[in-house]
Amino acid sequence: MKYIDEFRDGDLARNIARSIAAEADPAREYRFMEFCGGHTHAISRYGLTDLLPPNVRMIHGPGCPVCVLPIGRVDQAIRMALEHGVILCTYGDCLRVPASDGLSLLKAKARGADVRMVYSTQDALALAQKHPERQVVFFAIGFETTTPPTAVAIEQARALGLANFSVLCCHVLTPAAIIGILESPEAKAGGVALDGMVGPAHVSTVIGSAPYEFVPERYGKPVVIAGFEPLDMMQAILMLVRQVNQGRAEVENEFTRAVTPDGNRKAQALVAKVFQLRPEFEWRGLGTVPDSALKLRPEYAAFDAELRFPLPYTPVPDHKACECGAILRGVKEPRDCKVFGTVCTPETPLGSCMVSSEGACAAHYTYGRYKDLAA
Amino acid sequence: MSEPRKQYVRPLDLKHGRVDMAHGAGGKAMAQLIHELFARHLGNEWLDQGDDGAVLPAPAPGEQLVMATDSHVVSPLFFPGGDIGCLAVHGTINDVAVMGARPLWLSAAFILEEGFALADLARIVESMAAAARKAGVPIVTGDTKVVERGKGDGVFITTTGVGALQAGRRIGGQRARPGDAILVSGSIGDHGMAIMSEREGLGFASPIVSDTAALHGLIEAVLATGADIRVLRDPTRGGLGTTLNEIASQSGVGMLIEEKALPLNPAVAAACEFLGLDPLYVANEGKLVLICAEPDVEKVLGALRGHALGREAAVLGTVVEDAHHFVQMTTSMGGRRIVDWLTGDQLPRIC
Ligand code: SF4
């Protein structure tokens, strides 16, 4: 706990804030995107924007696993449970993501689907062992952080000869999403003038810092990888301001206590053994992005839920009023959405950004909406 | 010739026996369960009558009666620091006490699941008896039902409490006014994290212990100071964050609290961190939230800290004017944010 306290020191935060204010050029704007939902959450949870000068602005990125999950994938999971009678297990945040026909996994559960929340892939495996007569599907979502545990579970299922366990693989890749943002139509038209990016924390412990090198090289933008603690964020913002001021664009690592250039090679090897690239994958907000997600390799086809329960993937457009897409691309803010806080609230989410506490809309609603309201 | 026998009874097998449907059927088995288990531990002058209800003395002239009820379902039934039995006693005593009343009597109704171990039931009833004795609030009437296996979760306990409210004492959720001080009697989140770390098998080196306790003694100590107490509440399910929001909306005010002032046990903070939970929304079972007139703060804080259950009491902040009834918090970093109502259940994060 002492260890954590060191990263929550308010005085230190104010010191860094003073440096940011002193070094930021008042004649210009700084627009930085924090890629991760974990960062978005930390900013809102600790009220960090209050510590930044008005010309240093943070834009929330798409690094929230449930926020980028397209409706069509949730539909697939729901149909597996309802039509094929499988036990569908997934992480808690997934349960409330709105799907087609006003359903979500949680609502499907109320209609008789056997949906279970698990804390880890191991829980899912244990369910399969406990119910040999039932099919158990693990709805696997998330970035590079959650991929290795899924790979481990598949390997274990194979070793155990579990014939009733399979995975609906929706794991996605961070670097591809960054390209998606930097190549979005708005970015090309000059809509998202990003001055730099706060790079992922936990994801980078797995993939390392090297995979971000293309951002400065190809796009001339600095990246600073940061931990999820509030002081990490403040320090990373200061480092970005300095890079911009000095005309540098490099990948810097604020999170050296956990992130190395090469990341976790063992985890990477395991992921490469079990998964291969999907030629393309639909992301919520970013559309179809090439080489941006994973699927099981043919050697592991027996554990691929998409093959075991063939259900064609049907893309479904977002709700008309929902601005999630534009928010995930960094061109709009939650308050720009007409239904924010009225029709769409954390209790009744219309779009996925309102579901997870890491989603931009939910974070703003839960922690910051008082700023939008007249006293 | 053999000796004459006193009686032929086969006593309940409290070691290996299990609850069966007959224990709720109203016949001899049920009578035996009541006699050998409930009455034996909980016995008092009212319960010993064996009647359908308890005849209780009228309150003193000018006093009013306060009544509260609470159903208890908890898994696991036994956790570090307590069990469903003492929890059921404390919970209802606290509901009566936070109304400013002196808790007098309790009733207890049990729903048992067929197959539930009698040894566990005995442990639970003993724990209830001990808690009631310690609090000085007897269980004066009760009921037992048995449901088929699979239709319950071992045991559910509903307790109802009656207390006496002194003439002229007015405490309630609508009475917070801008300028009032907000206090809490000690560290938050202990009960919820004790349950959760037990359930998730987190296996911390030093287990987190539930704070379950009866608060009427602490409350009496505070009221005895004569301070102008506006609101008392025990922040159970939903935690401190939810309780503050309830009071803010009942009173039509806002609140501003300091994150740095929140008393937090380091093990709870670490467990919350690990699971990605916010201790503001984690349940407590032995803590008091208190709102009082600002000039009385020192008096109230002194009374709280002078009691064993309030040693870590702290002033959290102030009641403010706010048309939107927001509870706001100055974070440890110096920024500001809302402490909102909890949405659904707190779920551990995955990223
Ligand atoms: S407020 Fe709701 S509908 Fe609007 S962008 Fe956010 S998630 Fe979508």
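Looking at the range B:250-351, the strands (runs of 3 or more DSSP E) lying wholly inside it that each contain 2 or more residues that are facing chain A (nearest Cβ under 10 Å) and under 21 Å from B:Arg233 (Cα atoms) sit at B:327-330.
All conditions in (1) touching a helix residue (DSSP H, G or I) at 6+ places or on another chain (Cβ under 7 Å); (2) without any contact (Cβ under 8 Å) to a residue 24 or more places away in the chain; (3) within 16 Å of the ligand (Cβ to nearest atom) hold for A:Ala301, with the sole exception of (3). May I ask you to verify whether A:Glu183 is closer than 24 Å to A:Cys67 by Cα, open to solvent by 20 Å² or more (accessible area, probe 1.4 Å) and within 14 Å of chain B (Cβ to nearest Cβ)? Judged against the criteria, A:Glu183 is not a match. Residue pairs whose Cβ atoms lie under 6 Å apart, sitting 6 or more positions apart in sequence or on different chains, and linking a residue in the range A:317-332 that is without any contact (Cβ under 8 Å) to a residue 60 or more places away in the chain to a partner that is more than 6 Å from the ligand (Cβ to nearest atom) and open to solvent by less than 50 Å² (accessible area, probe 1.4 Å), are A:Gly325/A:Gly285; A:Lys332/A:Ala326. Does the range B:221-242 include one or more residues that are farther than 23 Å from A:Tyr119 by Cβ, out of contact with any strand residue (DSSP E or B) (no Cβ under 7 Å at 6 or more places or on another chain) and hydrophobic (A, V, I, L, M, F, W, C)? Checked the range B:221-242: at least one residue is farther than 23 Å from A:Tyr119 by Cβ, out of contact with any strand residue (DSSP E or B) (no Cβ under 7 Å at 6 or more places or on another chain) and hydrophobic (A, V, I, L, M, F, W, C). In the set (1) small (Gly, Ala, Ser); (2) within 8 Å of the ligand (Cβ to nearest atom); (3) more than 14 Å from chain B (Cβ to nearest Cβ), A:Gly330 fails one condition alone, (2). Evaluating B:Asn245 against the criteria (1) part of a strand (DSSP E or B); (2) open to solvent by less than 20 Å² (accessible area, probe 1.4 Å) leaves one unmet condition, (1). Of the helices (runs of 4 or more DSSP H) that lie entirely inside the range A:196-261, those containing 2 or more residues that are over 21 Å from the mean Cα position of the chain (by Cα) and β-branched (Val, Ile, Thr) span A:230-245. Determine whether B:Pro76 is of a type outside the set (Phe, Trp, Tyr) and part of a strand (DSSP E or B). No, not satisfied. Condition check for A:Lys273 on (1) within 16 Å of the ligand (Cβ to nearest atom); (2) away from every other protein chain (no Cβ under 14 Å); (3) more than 21 Å from the chain's Cα centre (by Cα); (4) open to solvent by 30 Å² or more (accessible area, probe 1.4 Å): one failure, at (1). If you check A:Leu95 against the conditions, is it without any contact (Cβ under 8 Å) to a residue 12 or more places away in the chain and facing chain B (nearest Cβ under 9 Å)? No.
Of the conditions (1) modelled with pLDDT under 90; (2) within 23 Å of the chain's Cα centre (by Cα); (3) among the small types (Gly, Ala, Ser), A:Gly72 fails just one. Which one is it? If we test A:Gly72 against (1) modelled with pLDDT under 90; (2) within 23 Å of the chain's Cα centre (by Cα); (3) among the small types (Gly, Ala, Ser), just (1) comes out false. In the range A:353-375, the residues that are within 9 Å of another protein chain (Cβ to nearest Cβ) and over 21 Å from A:Gly92 (Cβ atoms) reach residues that are within 13 Å of the ligand (Cβ to nearest atom) and part of a loop (DSSP other than H, G, I, E, B) with C-beta atoms within less than 7 angstrom, at least six apart or across chains, in these pairs: A:Arg369/A:Gly341. Confirm whether A:Ala110 is open to solvent by 10 Å² or more (accessible area, probe 1.4 Å), out of contact with any His (no Cβ under 8 Å at 6 or more places or on another chain), over 26 Å from A:Cys64 (Cβ atoms) and within 14 Å of chain B (Cβ to nearest Cβ). So A:Ala110 fails the test.
Where helices (runs of 4 or more DSSP H) fall entirely within the range A:71-143, those with at least 1 residues that are touching a Gly at 6+ places or on another chain (Cβ under 8 Å) are at A:71-84. Taking the range B:254-274 as the range and being over 16 Å from B:Leu316 (Cα atoms) and open to solvent by less than 20 Å² (accessible area, probe 1.4 Å) as the test, the residues that pass are B:Val268, B:Ala269, B:Ala271, B:Cys272.
Every residue, every condition in (1) in a loop (DSSP other than H, G, I, E, B); (2) within 24 Å of the chain's Cα centre (by Cα), yes or no:
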position: B:Ala22; (1), (2): no, no
position: B:Asn44; (1), (2): yes, yes
position: B:Gly91; (1), (2): no, yes
position: B:Asn94; (1), (2): no, yes
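Tallying residues that are of a type in the set (Ser, Thr, Tyr) and within 8 Å of the ligand (Cβ to nearest atom) within the range A:354-371 yields 1. Within the range A:143-172, the residues that satisfy the criterion of being within 14 Å of chain B (Cβ to nearest Cβ) and buried (at least 23 other Cβ atoms within 10 Å of the Cβ) are A:Phe143, A:Glu144, A:Thr145, A:Thr147, A:Thr150, A:Cys170, A:His171, A:Val172. Among the residues making up the range A:312-349, a single one is open to solvent by less than 20 Å² (accessible area, probe 1.4 Å) and closer than 27 Å to A:Thr150 by Cα: A:Leu328. Within the range A:14-28, the set of residues being assigned to a loop (DSSP other than H, G, I, E, B) and free of Cβ contacts under 8 Å to residues at least 40 places away in the same chain comprises A:Pro26, A:Ala27, A:Arg28. Regarding the range A:34-49, can at least one residue be identified that is surrounded by 15 or more Cβ atoms within 10 Å (Cβ to Cβ), under 20 Å from the mean Cα position of the chain (by Cα) and away from chain B (no Cβ under 14 Å)? No, there is no match, as no residue in the range A:34-49 is surrounded by 15 or more Cβ atoms within 10 Å (Cβ to Cβ), under 20 Å from the mean Cα position of the chain (by Cα) and away from chain B (no Cβ under 14 Å).
The values are calculated or read from the model by the stated rules, or taken from the named source; none is laboratory data. Only a predicted model underlies this, so the values are computations on that prediction, with no experimental measurement involved. Glycine gets a Cβ as well: all are built from the backbone with ideal geometry, and neighbour counts include every protein chain shown. To get the accessible areas, we keep the full protein, side chains included, count just its heavy atoms, and leave off ligands, DNA and RNA. Shrake-Rupley method; radii C 1.70, N 1.55, O 1.52, S 1.80 Å.
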